Amino acid sequence: MKMTSPLLFSLLIALPGVAAAESNHPQEARAINEAKVTLAQAVQTAESETGAKAVEVDFDREKDVWGYEVTTLKPGTKYELFIDANTGEVVSRKEEQKK
């Protein structure tokens, strides 16, 4: 599993324009800059929905909707939520139980 360092995570929250400006994908950079929901808000939504801590966030597009794919963990359970970057709505949710 890919882990996002706390420093990188902090930079993405503090400097969303910088992260977008360095993107190699112009459409993705534009979508990040135009997003009405911040990365911090998406993380808060995911943590509230799952009762778990966020460990990874990615900005992506699913079915022509740009949003945040947030992975949260708590003992025994991993969640992956896709949160619409314009509405803040949880579009999809996957749950994986560990034994």
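The table that follows gives values for the structure above.
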| read-out | value |
| --- | --- |
| Relative contact order computed over segment 21-77 (Cα-Cα under 8 Å; 6+ residues apart), in percent | 29 |
| Those lysines that a straight Cα-Cα span of less than 30 Å connects to Lys99, excepting residues fewer than 8 apart in one chain | Lys2, Lys53, Lys74, Lys78 |
| Accessible-area value, Ser92, 1.4 Å probe, nucleic acids and ligands omitted, Å² | 40 |
| Hydrodynamic radius (Kirkwood) for segment 45-92, which is based on Cα pairs only, to one decimal in Å | 10.7 |
| Integer Hz, Karplus 6.51/-1.76/1.60 couplings in order for segment 94-99, x for Gly and Pro | 10, 10, 10, 8, 9, 9 |
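The values are calculated or read from the model by the stated rules, or taken from the named source; none is laboratory data. Computed from a prediction, not measured in an experiment: that's the story for all the values here. SASA here: full protein model, heavy atoms, side chains in, ligands and nucleic acids out. Shrake-Rupley method; radii C 1.70, N 1.55, O 1.52, S 1.80 Å.
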